[in-house]
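A quick write-up on the structure given underneath.
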Amino acid sequence: MKCALRTARLGCCLVLTAGCAAEPPNTFTFTADLPADFAYKAIVKYEPAKGETCTVPGERNTAIVYNLKWRENYKSSAEITLHRTVSGCPLVIRRIKLEINSSYGKARGDFGGDSAMVVIRDELEDQYKSAFNETGESTFYGQCQWLFRTSGKPRILRKILDCKAAGAQGEPERGRPFSAYTLDQLPGKTVKMKIMLAEEERPGWGDTWVEVPNGWKRCMGKGFEDERAYCNGNYTDFSTFKMVDGRICTIYPGCTE
């Protein structure tokens with residue numbers, strides 16, 4: 001809090017008074033509105049503040065991680081510091097690298113993830129600077145979609161999470177979910193990442209599955225030894241595949257026709 005002495009006349013005398021102006025807070029809130037069973041991990045990166053020539057040996061402790069163990073101890077909101085000092089060097093926040101994760105099975109490896117980013121600069125042109133509403137909140141959007149494929153000779157079904165930037169109504173935009181701010185925009189404010197989930201899942205890449213009335217069927221290819229198994233014009237011979245729960249299926253997502 002900064003204070004200044006002022007003089008005021010009271011009757012015949014001059015009286016000293018103190019006027020104090022509150023400094024802006026050194027934090028802002030980051031929060032996420034995600035689909036069910038989704039979580040994010042945030043890696044907050046700091047660099048020497050503008051005009052500083054100091055360095056942090058080995059860049060140790062120049063990042064803070066939130067939701068490191070997102071499976072066990074997830075929190076949707078985080079209070080993020082703007083300025084901090086490490087090894088005597090004044091640092092300022094420069095970016096938040098976000099990982100968007102979701103599990104589709106019970107095994108630890110049965111999950112998909114993609115990325116998003118928040119960038120903070122001292123100055124930005126207005127066209128690149130995200131805005132805040134009257135309540136001090138700024139929201140950026142994305143949409144994620146599950147892409148499915150098979151892996152290995154048993155053709156075990158695996159999923160890939162693909163996340164793209166989007167408008168407020170889910171309309172697709174270029175690149176990953178992204179937002180940018182100037183440093184002076186953030187004190188005391190809230191930045192929200194809102195991610196929507198596409199209703200339809202799609203094959204991970206083309207010419208490997210055939211869409212049928214009740215879902216998708218896996219092309220046989222040259223046989224189970226052929227792990228890529230492109231259709232190559234054969235849209236009548238299909239293979240079984242194994243779901244992550246062990247079921248042997250002929251159609252995705254319903255398993256049986």
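Just so you know, all these numbers are worked out from the coordinates, no wet-lab data involved. Here the structure is a predicted model, which is why all the values come from computation and not from measurement. Don't worry about glycine lacking a Cβ; one is built from the backbone with ideal geometry, like all the others, and counts go over all protein chains shown.
Taking 0.36 nm per residue of separation and subtracting the Cα-Cα distance, full extension of the segment from N234 to V65 would add 56.0 nm. The value of relative contact order for the range 158-242, using C-alpha pairs under 8 Å at least six residues apart, is 17 percent.
Hand me the GluC sites (Glu not before Pro) from the range 139-205 located in a DSSP loop with no more than 13 other Cβ atoms within 10 Å, in residue order please.
Details: sites: E173, E199, E200, E201; in loops: E173, E199, E200, E201.
For GluC sites (Glu not before Pro) across the range 139-205 that sit outside H, G, I, E and B with at most 13 neighbouring Cβ atoms in 10 Å, the list reads E199, E200.
Computed over the chain with a Gaussian network model linking Cα atoms closer than 10 Å, the most mobile of G152, G112, G188 is G152. Taking the charge dipole of the chain about its Cα centre, with +1 at Lys and Arg Cβ atoms and -1 at Asp and Glu Cβ atoms, the residue from P48, N133, F178 reaching farthest to the positive side is P48. Phi angles of the range 240-257 translate, via the Karplus equation with coefficients 6.51, -1.76, 1.60 and θ = phi - 60°, into HN-Hα couplings of 7, 8, 10, 6, 5, 8, x, 5, 8, 10, 10, 8, 10, x, x, 6, 10, 7 Hz per residue; Gly and Pro are given as x. For the pair E257 and E125 in one chain, pulling the backbone fully straight at 0.36 nm per residue adds 42.0 nm over the alpha carbon distance.
Computed on the chain, with alpha-carbon pairs under 8 angstrom and 6+ residues apart, the relative contact order is 17 percent. Taking amide H atoms as placed 1.01 Å from N in the peptide plane, the amide H of R176 lies under 5 Å from those of A165, each 5 or more residues away in sequence or on another chain.
For T182 and E211, compute 0.36 nm times the residue count separating them, minus their Cα-Cα distance, and round to one decimal in nm.
Details: separation 29, 0.36 × 29 = 10.44 nm, distance 4.68 nm.
This chain segment gains 5.8 nm when fully extended.
Once you have a ≥ b ≥ c as the square roots of the Cα gyration tensor eigenvalues for the range 205-249, tell me rounded if a/c is under 1.5, and otherwise prolate or oblate according to whether a/b is larger than b/c.
Working: a/c = 1.95, a/b = 1.21, b/c = 1.61.
The shape class here is oblate.
Restricting to bridges with both residues inside the chain, how much of the DSSP beta-bridge set is antiparallel, in percent to the nearest 5?
On the way: 64 of 85 bridges.
Bridges in the chain are about 75 percent antiparallel.
Residues whose amide H lies under 5 Å from that of G113, counting only those 5 or more places away or on a different chain, are L161; hydrogens are built 1.01 Å from N in the peptide plane.
With Cα atoms defining each centre, the range 119-174 and the range 191-231 are spaced 21 Å apart in the structure.
Find the all-direction average of the projected area of the Cα convex hull for the chain, expressing the result in square nanometres with one decimal place. Display every interim value, and only then the final one.
On the way: hull surface 85.1 nm².
Seen from a random direction, the Cα hull of the chain projects 21.3 nm² on average.
Given +1 at the Cβ of Lys and Arg, -1 at the Cβ of Asp and Glu and no other charges, the dipole of the range 114-225 around its Cα centre is 880 debye to the nearest 20. Amide H contacts for V244 (H built 1.01 Å from N in the peptide plane; partners 5 or more residues away or on another chain; cut-off under 5 Å): L157.
Here the Karplus curve 6.51 cos²θ - 1.76 cosθ + 1.60, taken at θ = phi - 60°, turns the phi angles of the range 128-139 into couplings of 9, 8, 6, 9, 10, 7, 5, 8, x, 10, 10, 10 Hz, with x standing for Gly and Pro. Cross-link partners of K153 among lysines, defined as those whose alpha carbon lies under 20 angstrom from its own and excluding same-chain residues fewer than eight positions apart: K217, K222, K242.
Of G51, G105, G233, the residue with the greatest mean-square motion in the GNM of the chain, using alpha carbon springs below 10 Å, is G51.
Largest GNM mean-square fluctuation among P177, P203, P57, using the chain with Cα springs under 10 Å: P57.
Rounded, prolate or oblate: pick one for the range 89-137, where a ≥ b ≥ c are the square roots of the eigenvalues of its C-alpha gyration tensor, a/c under 1.5 means rounded, and failing that, prolate if a/b is larger than b/c, else oblate. Working shown, then result.
Details: a/c = 3.10, a/b = 2.00, b/c = 1.55.
Taking the square roots of the gyration eigenvalues as a ≥ b ≥ c, the range 89-137 is prolate.
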